[in-house]
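Accompanying notes for the structure given below.
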Amino acid sequence: MGEKYSFKNSGKAKLILRVIGFVCTGLGLIFIVVGLIDFFGAMGGFGMPTNFWAFFVGAPLLFVGGSCLSFGYLHAFANYSAGETAPVAKDVTNYMLDGTREEFTKTVAGVTEAVKGKEPIDEGLVCPNCGTKNEPGALFCDNCGKPLGKKCPACGEVNDADATYCRKCGKRL
């Protein structure tokens with residue numbers, strides 16, 4: 001079948017790419033400078049440019065050198081980038097999940113139970129006024145006495161305390 005690629009010579013390949021990259025970049029810059037000096041020197045009244053072709057040799061050399069350098073230092077750059085971004089991504093994820101883990105766990109448990117065909121467990125309501133967790137089926141808060149929900153006069157459904165319309169029948173509360 002296919003042979004797995006070996007990275008045994010990657011150190012040698014990186015060194016070769018880096019050397020070629022620095023040589024080509026240096027030569028490319030020299031050729032570009034010579035071509036530009038010749039061109040702008042000719043514009044100053046010294047005659048026609050004779051070595052402007054050097055610019056057109058230097059530009060591809062500069063490109064090849066830059067490409068070789070980017071491949072030669074790719075692993076080092078990738079390691080540096082990963083080392084800088086991974087802790088930030090972890091902190092952002094933890095910040096976004098902070099305070100939602102319980103709700104996420106409840107949601108996953110509810111979905112799992114629904115898939116298994118079981119009824120989800122009623123864990124009671126949290127009071128919108130003081131934040132106290134109350135027993136399942138409670139209509140008023142154990143701590144502050146405020147109503148935990150509004151009972152629909154038409155169908156009897158218990159809705160959130162701040163609801164304007166019934167979630168079951170749509171009548172105004």
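Every number here is computed from the coordinates shown, using simple stated rules; none is lab data. Keep in mind that what you see is a predicted model, and the values were worked out from it rather than measured. Cβ atoms come from the backbone with ideal geometry, glycine included; neighbour counts cover every protein chain shown.
Straight-distance candidates among the lysines for linking to residue 14, with alpha-carbon spacing under 28 Å and chain neighbours fewer than 8 residues away dropped: 4.
Which of the residue pairs 146/171; 106/150; 106/168; 116/151 have a Cα-Cα distance greater than 25 Å in the structure shown? Cα-Cα > 25 Å for 116/151; rest within. Among 114, 76, 154, the residue with the largest mean-square fluctuation in a Gaussian network model of the chain, with springs joining Cα atoms closer than 10 Å, is 154. Amide H contacts of residue 165: 173, each under 5 Å away and 5 or more positions distant or on a separate chain (H built 1.01 Å from N in the peptide plane; Pro and chain starts excluded).
Sorting 67, 81 from the fewest to the most surrounding beta carbons within 10 angstrom yields 81, 67.
Under 5 Å between amide hydrogens, built in the peptide plane, is the criterion, and for residue 151 it picks out 159 among residues at least 5 positions away or on other chains. Considering only 26, 145, 66, the mean-square fluctuation computed in a Gaussian network model of the chain, springs between alpha carbons under 10 angstrom, is largest for 145. Each of 64, 111 was scored by other Cβ atoms within 10 Å of its Cβ. Arranged with the fewest first, they read 111, 64. Residues in segment 144-153 carry Karplus couplings, in order, of 10, x, 6, x, 8, x, 10, 8, 5, x Hz; the curve used is 6.51 cos²θ - 1.76 cosθ + 1.60 with θ = phi - 60°, and Gly or Pro positions show x. Amide H contacts of residue 146: 141, each under 5 Å away and 5 or more positions distant or on a separate chain (H built 1.01 Å from N in the peptide plane; Pro and chain starts excluded). Working note: Cα gyration tensor of segment 10-72, eigenvalues times five, square-rooted, sorted largest first, giving semi-axes of 32, 7, 6 Å. Have a look at 50, 107, 93 and tell me which one the Gaussian network model of the chain (Cα, springs below 10 Å) gives the largest fluctuation. Of 50, 107, 93, the most mobile in the Gaussian network model is 50.
In the chain, taking the dipole from charged Cβ atoms about the Cα centre, the farthest positive-side position among 71, 107, 139 is held by 71.
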